[in-house]
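Right, one structure below, let's go through it.
The values are calculated or read from the model by the stated rules, or taken from the named source; none is laboratory data. Given the structure is predicted, the values throughout are model-derived calculations rather than measurements. Here Cβ is always computed from backbone atoms with ideal geometry, including for glycine, and neighbour counts include all displayed protein chains. Only protein heavy atoms, including side chains, enter the accessible area calculation; ligands, DNA and RNA are left aside. Shrake-Rupley method; radii C 1.70, N 1.55, O 1.52, S 1.80 Å.
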Amino acid sequence: MGTTAYLFDPIYLEHQTEWGHPERAERLIAIETMLQSKSYYEDLVRVKARKAEIQHIELVHDAAYIRRAREEIERGDEYFDSMDNSVCTRSFEVALYAAGGALAMCDQIMDAKADYGFCAVRPPGHHAERGHAAGFCIFNNIAIAARYLQKEHKLKRIAIVDWDVHHGNGSQHTFEKDNTVLYASLHQFPYYPGTGSGMEKGRDEGVDYTLNIPMDAGSGDEEYRAAFRERIIPALDAFRPEFILISAGFDAHRNDPLAGINLSTGMFGEFTTMLMEAAARHAKNRMLALLEGGYNLDTLAASVERMMRTFVGA
Ligand SMILES: [Zn+2]
């Protein structure tokens, strides 16, 4: 059991998507309201949101892309790069805060003020590529956090575990030639965004540092538990990460409207426990979960709460 930090800020509600869009501000309100009702809420270390510096966004994204994002979003375009990415004039600024929140939490954990951290931020990140936005994502928050830990905190080996129901194409592409970042993903396959077959294992120096575990639609707790025990945890034990980042999407829940995986709420606690044990073995407990998907508000809030309860040992 360790100290747990939490980051939420009303700034993240200012990224307003079109009516009916699943990735909406209410998601964070549901999470915050749920956590506020818990006795451990007062004990969470609160971390202040901050804006990411452009130089840190450039660790993952092209400078030209960042300029284009600012220009097209701030001039009032309704969509950015894809019809999935509904934006408002505030979205660019909020996206800087989403990445910056992750970096603030990295600092907190590296300064040993917390062992575990959760950032309730949006827009999410794992579909964002080096030069284009996709799948509700503008900047790849988790990829930026991984590079930031290496550059600013001098860590060598970072693991990203992506349990969002969708494959994190942007994260995979960022690190596929890199043997210093292990990217491990479980996701419904074939499904959006189309990448993430078991054959994709990384390239060049990065071969075997990408681990894709495609799951059939209809898979549930049993299949995911086995994948964690037999694939994810052994990969972490072989890699010995100094920090574990979690692309924490909750859209593999059986109640989620976007996909067809059938996890129970309790499974997110089991994932968390298994990763906490790996973080204790290799990473001095250091672990940060960044919100990705999760679109049924009640289920999202309950699943995040299960993860947080596991972090705090409640
Ligand atoms: Zn997702």
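Expressed as a whole percent, how much of the Cα-Cα distance distribution for region 94-249 exceeds 26 Å?
Working: 2544 of 12090 pairs.
Percent of Cα pairs beyond 26 Å in region 94-249: 21.
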| Of the residues 50, 67, 225, which exhibits the maximal mean-square fluctuation in a Gaussian network model of the chain defined by a 10 Å Cα contact cut-off? | 67
| message | Can you return the lysines within cross-link range of residue 156? Criterion is Cα-Cα under 29 Å, with same-chain partners fewer than 8 residues away left out. | response | 48, 51, 113, 177, 201, 284
| said: Leaving out ligands and nucleic acids, and using a 1.4 Å probe, what accessible area per residue does the chain come to in Å²? | reply: 38 Å²
| request: Take the alpha carbon atoms of region 128-192, find their center, do the same for region 1-62, and report the distance between the two centers in whole angstrom. | output: 18 Å
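Would you work out what percent of the accessible area of region 228-289, with all protein chains in place, is carbon or sulfur (probe 1.4 Å)? If you can, show how the numbers build up before the last one.
Working: 930 of 2120 Å².
Solvent-exposed carbon and sulfur of region 228-289 make up 44 percent of the total.
Using the membrane-span-like helix rule (whole DSSP H runs, Cα extent along the own axis of at least 18 Å, mean Kyte-Doolittle hydropathy at least 0.0), which helices of the chain qualify?
Details: long enough: 91-110 (28 Å, 1.05); 265-282 (27 Å, 0.16); 297-312 (22 Å, 0.50).
The qualifying helices are 91-110, 265-282, 297-312.
Kindly work out what percent of the DSSP beta bridges joining two residues of the chain are antiparallel, to the nearest 5. Numbers along the way, then the final one.
On the way: 3 of 36 bridges.
Of the beta bridges lying entirely in the chain, close to 10 percent run antiparallel.
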| said: Using just the Cα positions, wrap region 160-314 in a convex hull and report its mean projected area in square nanometres, one decimal place. | reply: 8.0 nm²
| query | Does region 1-117 come out rounded, prolate or oblate, given a ≥ b ≥ c as the square roots of the eigenvalues of its C-alpha gyration tensor, rounded meaning a/c under 1.5 and, failing that, prolate meaning a/b above b/c? | reply | oblate
| message | Between residue 226 and residue 177, what is the label-point separation in nm under the 7 Å Cα-to-beta-carbon projection? | response | 3.7 nm
| task | Stick to the Cα atoms of the chain, pair each with every other, and give me the Kirkwood hydrodynamic radius in Å at one decimal. | result | 18.8 Å
| remark: One checks the Cα atoms of region 252-311 and finds Rg and Dmax, in Å, of 12.3, 37
| said: I'm checking a number: the convex hull volume of the Cα atoms of region 147-210, normalised per residue, in Å³. What is it? | reply: 74 Å³
| What nm distance separates the two modelled labels at residue 68 and residue 42, each placed 7 Å from Cα along Cα→Cβ? | 5.1 nm
